[in-house]
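Right, one structure below, let's go through it.
The values are calculated or read from the model by the stated rules, or taken from the named source; none is laboratory data. Please read these numbers as outputs of a predicted model, since none were measured by experiment. Virtual Cβ from ideal backbone geometry, glycine too; neighbours counted across all protein chains shown. In case anyone asks, the SASA skips ligands and DNA or RNA and just uses the protein heavy atoms, side chains included. Shrake-Rupley method; radii C 1.70, N 1.55, O 1.52, S 1.80 Å.
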Amino acid sequence: MNEPTLNYVLCPGSAAPPVAPDRTPAPAQQHRMAYWEWNATGNPAHPHVVVCVHGLSRQGRDFDTLARVLSAHARVICPDVVGRGQSDWLADPMGYQIPHYAADMLVLLAQLQKQGAITTLDWVGTSMGGLIGMGIAGQPGLPLPVRRLVLNDVGPVIQWEALQRIGQYLGQLAQFASLQQAADAMWAISTSFGPHTPAQWLELSRAMVRALPESEGGGITLHYDPAIAVPFKTLTPESAAAGEAALWQLYDHIQARTLLLRGAQSDLLSRATARAMAERGPRARVVEFEEVGHAPTLVAADQVAVVTNFLLAAEGVVAG
């Protein structure tokens, strides 16, 4: 079966001491960002690159189902954003914010470009990954412009009630005896992702945990640095509203053809915001998925088909 390789890129910004005893400390004033590369094209330096970036408390293996399909046509790069998955944790928790993440992605793109010239760059971003994508695609003058952008249930306006809901569990790392127990606990706060079979959810949960040493009681816990919650908890309704103007400015500068996915029951991306995104800036094509809230996991066949058709359609065929 087609499986990804795990790679790393060194980025500016000091790492915290490794949590796992077998991990080597990062060089001074740097941290390692891990990324999973899928490539079944036969060309290790294929010029079409699709970057897939996950949500706030998730990690790059979320995209396995989509990446397997896309990897026959492109290099598919699925980072573990710093503080998550196989990436280092940051020494300064206030680095866990969109500008820092976007800067890391530019370092990653530069490393990929050195490995082989990129002629086509596409971006798929779920929630936080979409905000990072807006930060990349909305910057004029970048040497690697984004051709097509998929924003998965996120836009410049994020509903305050959704931020409050996420804040209730973010950073609360419980201890579990088994993967199934962890999966059940995660499902309790993730039912808005929409219908999944038990097997699908268990597979989505597999990379969401890390082993705890016996000195900490053994078992497993969630993969991410609980300190990602530190800057999140400084948000207020006023600061969130103030950030909207900057995000709209980025959105309005996007030149990439843009597909906006929305869970029909999403509490994070309102239908009104989705309508506005269809009418301004890149004039996103909007696709809604019924019986799904925040956010579609891109595991269901209909969701995968919408994204792959958008990314792989010939120029001039894609609406939007």
Per the list (1) surrounded by 15 or more Cβ atoms within 10 Å (Cβ to Cβ); (2) in contact (Cβ under 8 Å) with a residue 12 or more places away in the chain; (3) over 22 Å from R75 (Cβ atoms), residue check on A177 breaks on (1)
How many residues of the stretch 122-145 are open to solvent by 20 Å² or more (accessible area, probe 1.4 Å) and farther than 17 Å from V81 by Cβ? The answer is 7
What number of residues within the stretch 210-250 satisfy the criterion of being within 25 Å of I132 (Cβ to Cβ), loosely packed, with under 12 Cβ neighbours inside 10 Å and among the hydroxyl-bearing types (S, T, Y)?
3
Can you tell me which condition A182 does not meet? The list is (1) more than 27 Å from C78 (Cβ to Cβ); (2) in contact with a helix residue (DSSP H, G or I) (Cβ under 8 Å, 6 or more places away or on another chain); (3) free of Cβ contacts under 8 Å to residues at least 60 places away in the same chain, and all the others hold.
(1)
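Please find, within the stretch 218-247, the residue that is modelled with the lowest pLDDT out of those that are among the aliphatic types (A, V, I, L, M) and outside any helix (DSSP H, G or I).
Residues of the stretch 218-247 among the aliphatic types (A, V, I, L, M): 220, 222, 227-230, 235, 240-242, 245-247.
Narrowing further to those that are outside any helix (DSSP H, G or I): 220, 222, 235.
On the way: I220: 95, L222: 96, L235: 91.
In this case the residue turns out to be L235.
Would you tally the residues in the stretch 58-110 being touching a Ser or Thr at 6+ places or on another chain (Cβ under 8 Å) and within 20 Å of W38 (Cβ to Cβ)?
As a first pass, look at the stretch 58-110 and keep what is touching a Ser or Thr at 6+ places or on another chain (Cβ under 8 Å): 58, 62, 66, 69-75, 79-81, 84, 90-92.
Among the residues that remain, those that are also within 20 Å of W38 (Cβ to Cβ) are: 58, 62, 66, 69-75, 79-81, 84.
Residues meeting the conditions: 14.
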Checklist (1) over 14 Å from the mean Cα position of the chain (by Cα); (2) buried (at least 17 other Cβ atoms within 10 Å of the Cβ); (3) within 30 Å of V49 (Cα to Cα) applied to L149, failing item:
(1)
Enumeration of residues in the stretch 47-84 that are open to solvent by less than 40 Å² (accessible area, probe 1.4 Å) and more than 12 Å from the chain's Cα centre (by Cα):
H48, V49, V50, D64, L66, A67, L70, S71, A74, R75, V76, G83
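Select from the stretch 258-273 the residues that are more than 19 Å from the chain's Cα centre (by Cα) and within 17 Å of V306 (Cα to Cα) and list them in ascending order.
Residues of the stretch 258-273 that are more than 19 Å from the chain's Cα centre (by Cα), as a first pass: 264-265, 270-273.
Scanning the stretch 258-273 gives a single hit, A264.
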Looking only at the stretch 1-27, count every residue that is at pLDDT 95 or above and open to solvent by 60 Å² or more (accessible area, probe 1.4 Å) and tell me the total.
5
Can you name the condition, by its number, that A207 falls short on among (1) open to solvent by 10 Å² or more (accessible area, probe 1.4 Å); (2) under 21 Å from I136 (Cα atoms); (3) in contact with an Asp or Glu (Cβ under 9 Å, 6 or more places away or on another chain)?
(2)
Examine the stretch 253-261 for a residue that is open to solvent by less than 20 Å² (accessible area, probe 1.4 Å), β-branched (V, I, T) and assigned to a loop (DSSP other than H, G, I, E, B), and state whether such a residue exists.
yes
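Which of the residues belonging to the stretch 36-72 are acidic (D, E) and out of contact with any Asp or Glu (no Cβ under 9 Å at 6 or more places or on another chain)?
Keep residues of the stretch 36-72 that are acidic (D, E), which gives 37, 62, 64.
Within the stretch 36-72, E37, D62 meet the criteria.
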Inside the stretch 195-204, can you point out the residues that are farther than 20 Å from Q172 by Cβ and either surrounded by 14 or more Cβ atoms within 10 Å (Cβ to Cβ) or touching a helix residue (DSSP H, G or I) at 6+ places or on another chain (Cβ under 9 Å) (or both)?
H196, P198, Q200, L202, E203
